[in-house]
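Asks: Take this structure first; my questions come after.
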Amino acid sequence: MNPKTFEVIVSGVGGQGVILATEILGDAALKEGLHVIIGEVHGMAHRGGSVVSHVRFGSDLYSPTITEGSADVILGFEPIETLRALKFAHQDTRIIMNSNPIIPVTVSTGAYKYPTLKEVVEQCQTFTKHVTVLDAFKIAEEAGSSKTVNIVLLGALAATGLLPVKEENLTQTIKGHVPEKFLKENLNAFDAGKRAVASK
């Protein structure tokens, strides 16, 4: 891990807003005057397929991808996708995970068994003890829309104080990316994500 960089893995499935969250992080960093590189790795290129984004902030950046064992934060939009991203974790990595699963076809047909949330958390804790689990889907619903899980998780990340980006730059960037008619529920989701972490 380079002390001059800050690195975030955003891991989820298609349709959860992983790419939008990544764009907001990147653009907010630019507002902060930081150098940022974003690398996106798509699995199955359709709704429900794995999507992983690499976001690197810093001064000496060359590669868009984060090396294994060097992420500062893993933002997991879904439990299994969080497990897939664990190879990027080290003992000081902060994991923020949405507890709400998206059951793949292989599980719903009985071909595979989906692990329990307890099993997922225990596996995460073999890499790092800094694991925060939120029911981001429920928090998003209560904030006004279940489609704002990604913004809930950005609020949770902001609340940790780890991100080298001011909160005002994040909220301004959200305003720039979200259509006006959906802005209120998204800002509510951001605040709800912050409160959820602050209460833990």
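The values are calculated or read from the model by the stated rules, or taken from the named source; none is laboratory data. As the structure is a computational prediction, the values presented were derived from the model and not from experiment. We place every Cβ from the backbone using ideal geometry, glycine too, and count neighbours over all the protein chains shown. Surface areas here come from the heavy atoms of the whole protein model, side chains and all, with no ligands, DNA or RNA. Shrake-Rupley method; radii C 1.70, N 1.55, O 1.52, S 1.80 Å.
Asks: Using 0.36 nm per residue of separation minus the Cα-Cα distance, give me the extension gain between Asp135 and His35 in nm, one decimal.
Replies: 32.8 nm
Asks: Only Cα pairs under 8 Å and at least 6 apart count here; give the relative contact order of region 57-200 as a rounded whole percent.
Replies: That works out to 21 percent.
Asks: On average, how much accessible surface per residue is there in the chain, in Å², for a 1.4 Å probe, leaving out ligands, DNA and RNA?
Replies: With the other protein chains kept in place, the chain gives 48 Å² per residue.
Asks: Continuing with this model, one more query. How far, in nm, would the chain grow between Ile103 and Thr126 when pulled straight, counting 0.36 nm per residue and subtracting the alpha carbon separation?
Replies: Full extension of this stretch gives 5.9 nm more.
Asks: Of the heavy-atom accessible surface of the chain (probe 1.4 angstrom), what whole percent is carbon and sulfur?
Replies: For the chain, the apolar C and S fraction of the accessible surface comes to 53 percent.
Asks: Still on this structure, please answer the following. Considering only protein heavy atoms, what is the solvent-accessible area of Val149 at a probe of 1.4 Å, reported in Å² to the nearest 10?
Replies: The accessible area of Val149 comes to roughly 10 Å².
Asks: Any of Lys4/Lys129; Lys31/Lys147; Lys147/Lys181 with alpha carbons more than 20 Å apart? Name them for me.
Replies: Lys4/Lys129; Lys31/Lys147
Asks: Taking the simple approach of a point 7 Å from Cα along Cα-to-Cβ for both Tyr114 and Arg195, what is their distance in nm?
Replies: Rounded to a tenth, the inter-label distance reads 2.7 nm.
Asks: Put a dot 7 Å past each Cα toward the Cβ at Phe182 and His90; how far apart are the dots in nm?
Replies: Taking the two extended label points, one gets 3.6 nm.
Asks: How large is the accessible surface of Val8 in square angstrom, using a 1.4 angstrom probe and rounding to the nearest 10?
Replies: Here the accessible area works out near 0 Å².
Asks: Using a 1.4 angstrom probe on the protein heavy atoms only, could you order Lys166, Lys147, Lys113 from most to least accessible area?
Replies: Lys147, Lys113, Lys166
Asks: Sorting Arg56, Arg195 by accessible area (1.4 Å probe), largest first, what list results?
Replies: Arg195, Arg56
Asks: Top to bottom by accessible area (1.4 Å), largest first, where do Glu142, Glu78, Glu23 land?
Replies: Glu142, Glu23, Glu78
Asks: Keeping all protein chains in the complex and leaving out DNA, RNA and ligands, what accessible area do you get for Glu7 with a 1.4 Å probe, in Å² to the nearest 10?
Replies: Solvent-accessible area, nearest 10 Å²: 10 Å².
Asks: On to the next question. Would you compute, from DSSP H runs of 4+ residues alone, the mean residue ellipticity of the chain at 222 nm, taking -39500 (n - 2.57) per run and dividing by the full residue count, rounded to the nearest 500?
Replies: -12500 deg cm²/dmol
Asks: Further question on the same structure: Between region 86-105 and region 1-37, what is the separation of their alpha carbon centroids in Å?
Replies: Between the Cα centres of region 86-105 and region 1-37 lies a distance of 16 Å.
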